[in-house]
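Heads up, the thing below is written out as structure tokens.
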There are 2 protein chains.
Amino acid sequence: MAKRKLDQTPRFADMLAAMGSEPRLRIVRLLLATHPTGAKAGDIQAELGIPSSTLSHHLEKLRNEDLIAMRRDGTSLWYTANVDVLRELLSFLYAECCTRSQVIAVEEILSACNS
Amino acid sequence: MAKRKLDQTPRFADMLAAMGSEPRLRIVRLLLATHPTGAKAGDIQAELGIPSSTLSHHLEKLRNEDLIAMRRDGTSLWYTANVDVLRELLSFLYAECCTRSQVIAVEEILSACNS
DNA sequence: TCTGTATTTCTACTAGTATCGAAATATATG
DNA sequence: CATATATTTCGATACTAGTAGAAATACAGA
């Protein structure tokens, strides 16, 4: 087994933690549902009924983990899901699946949702 | 859009939160790697270098979310990953992917790792 | 430039989570 | 039944995260 260049576990753990709260998971799902257009902060706030300051806090956390991206359009800020990063996360989870007991290739985790 | 029977979001958020800490993510990956045999608590402890009381705490949390299962064999407790539940989680994440903008079927998320 | 709208940053409080040594429990074996 | 091994439960501490009202910032339009 070759030496790992860099352990990605802490990074993916942080990503999972970022999605591991009900409001943030709802946000991510909303952005997946509206992908690739995304949604304005105000829309998210209206749909999920979260106070704007709290919402901003959550969006920042998701953005820190690179799970979502932001772009400005006038006074509105649009948020979109980073589906590539999400795919990366799922691949990581299953990358070592069963490697020590039986050989099962786990390729092509997801090919939907073109970014 | 039909009325939802029950909102699964809190449950899946808890599952993500359970995997959203570095030691627990390592545990899950170790159990995936050794699936379907699994590993004894002592083996996990040795491999990850976590004090037994701390490890026990983490294992309990993962078990509460049904991400792993436990069975006793003599004085040893064996833990295994619940790959079905993990698959369910991945499906949930992508279930509504792009539904509001373009129609992309997201079936067959994962067919590897037969439980 | 003044006004309104969209969103973030500041500040503070509360509650939950991670950690681990020590003691307790469960099982097996001589 | 006494002892050894495997693992959990107890208890205590330190840290981290979620929440939201109020103030600040960014942009657009008259």
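With its label point defined 7 Å out from Cα along the Cα-to-Cβ axis, residue A:11 lies at 3.3 nm from the matching points of the other copies, in increasing order. With the label put 7 angstrom out from Cα along the Cα-to-Cβ vector, residue B:40 ends up 6.2 nm from the copy partners, going from closest to farthest. Whole Å is fine, so just give me how far the alpha carbon centre of the stretch A:32-76 lies from that of the stretch B:28-78. Their Cα centres are 37 Å away from one another.
In the assembly of identical copies, residue A:95 has its label point, taken 7 Å from Cα in the direction of the beta carbon, separated from the corresponding points by 2.8 nm (ascending, one decimal). Here residue A:40 is the anchor, and the aspartates and glutamates within straight C-alpha reach of less than 15 Å, apart from those fewer than 8 places off in the same chain, are A:60, A:73.
Stretch residue B:6-residue B:56 to full length: gain in nm at 0.36 nm per residue minus the Cα-Cα span?
Working: separation 50, 0.36 × 50 = 18.00 nm, distance 3.15 nm.
That works out to 14.9 nm of additional length.
Once you sort the root eigenvalues of the Cα gyration tensor of the stretch A:9-82 as a ≥ b ≥ c, which label holds: rounded (a/c under 1.5), prolate (a/b larger than b/c) or oblate (the other case)? Note, shape of the stretch A:9-82 comes out prolate.
Couplings 3J(HN,Hα) of the stretch B:87-97, computed from phi: 4, 4, 4, 4, 4, 4, 4, 9, 4, 9, 4 Hz, in residue order, whole Hz [Karplus 6.51 cos²θ - 1.76 cosθ + 1.60, θ = phi - 60°; x for Gly and Pro].
All of the numbers you see were taken from the coordinates with simple rules; none came from a lab. Treat the numbers as computed from the prediction; the structure is a model and nothing was measured. Every residue, glycine among them, receives a Cβ derived from its backbone with ideal geometry; neighbour counts consider all protein chains shown.
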